[in-house]
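The values are calculated or read from the model by the stated rules, or taken from the named source; none is laboratory data. Fair warning: this is a prediction, and the values are worked out from it, not measured in the lab. For neighbour counting, all protein chains shown are included, and Cβ atoms are generated from backbone atoms with ideal geometry for every residue, glycine included. Protein only, heavy atoms only, side chains kept; ligands, DNA and RNA dropped before computing areas. Shrake-Rupley method; radii C 1.70, N 1.55, O 1.52, S 1.80 Å.
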Amino acid sequence: MKIYISADMEGVAGVVDWDQCRSGGPGHEQGARLLLGEVNAAIEGAIAGGADEITVNDSHGLMANLAPDLLAGRASYLSGRHKPDYMMQGLDASYAAVLFVGYHGSMPSRSVLSHTYNPRAVSDARLGGVRAAESGINALAAAGHGVPVVLITGDQFVGPEAEPFCPGIHAVVVKHSHSREAAESLHPEVARERVREGARESVIDLTRTASRPVTFGGPLEVDLLTADMAEQATWVRGVEHVGERTITIATGEPLAAFRAFVAVLAITRGLGTA
């Protein structure tokens, strides 16, 4: 059984400051160490639940935050700053399930360090009229490959934001956000215990229940920061400019919709505000 882990950083217990998340920042070594602990807990839990092959896609920042030789379970490590499918690079139909580790809430939420992909470009996103965080947008890629998303870890906001797009998902809360810049975190050892158990249970449940069908209920709507960004986004095939700063992407082909969104991020990056 192959398991795919998409690992972000802002949702990890103990991570509450951008300096912990930025490569070269004064707190990055600590942030990376805390992330490694939760990723390894997820690997160990998945193996305990029956997985025998794990891929970890480093999905944060420059996407090279983990020491490959310190990964548990002889997991393979997908890293590097340019990935066409970004946070979902390398996923295909051979995987039994996806685990989202260290995820954060959407840009408008009070989730600590909240954003939706690029905070200099995206102010909000919705799928079928329901607010979508990175978990919901990434669920498009998973659905396109026919692979269920069964676990998300982070603060108290990530589970409810993921559930509409990942039916039956297990959510492990490792910290409680008090604002976008403050959170009360579990002790890292306790957080890792909960992540390990959540991963084990979510993988075991794969063998007990059939995957629920995923429907997105309508297009992906994205509110960009400026009208210029929304206009330039229409250079991507399938993108429509429907409001002053709003674009839509049809989700009939979920993987194509995800890739169109990633392309929009790429071409609007140069218009980001300082």
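Key figures
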read-out: Sequence-distant residues sharing a close amide H with ASP124 (under 5 Å, placed H); value: ASP223
read-out: Per-peptide average of other Cβ atoms within 10 Å, ordering 216-228, 128-140 highest first; value: 128-140, 216-228
read-out: Mean separation of Cα contacts under 8 Å, 6 or more apart, over the residue count of the stretch 150-244: relative contact order %; value: 22
read-out: Förster radius 30 Å - calculated FRET efficiency between ARG208 and ARG81, Cβ distance, rounded to 0.05; value: 0.20
read-out: The stretch 143-186: relative contact order in percent, alpha carbon pairs under 8 Å with at least 6 residues between; value: 34
read-out: For the stretch 56-62, Karplus couplings with θ = phi - 60° (6.51, -1.76, 1.60), whole Hz, Gly/Pro x; value: 10, 9, 5, 10, 10, x, 7
read-out: Extension gain (nm, one decimal) between GLU201 and GLN30, 0.36 nm per residue minus Cα-Cα; value: 58.7 nm
read-out: Pair LEU271, ALA250: separation of 7 Å Cα→Cβ label points (nm); value: 2.3
read-out: Solvent-accessible surface ranking, highest first, for ILE47, ILE152 at 1.4 angstrom; value: ILE47, ILE152
read-out: Whole-number accessible area per residue in Å² for the chain, which is evaluated in the context of all protein chains at 1.4 Å; value: 42
read-out: With every protein chain in place, the stretch 187-252: carbon and sulfur % of accessible area (1.4 Å); value: 47
read-out: Euclidean distance of C-alpha centroids, the stretch 133-195 and the stretch 38-93, integer Å; value: 16
read-out: Three-way shape call for the stretch 109-207 based on the alpha-carbon gyration tensor, with the a/c threshold at 1.5; value: oblate
read-out: Ratio Rg/Rh, restricted to the chain and using Cα atoms, in which Rh is the Kirkwood radius; value: 0.95
read-out: THR226-ALA93 FRET efficiency (beta carbon distance; Förster radius 35 Å; 0.05 resolution); value: 0.40
read-out: The stretch 59-189: relative contact order as a whole-number percent, Cα under 8 Å and 6+ apart; value: 22
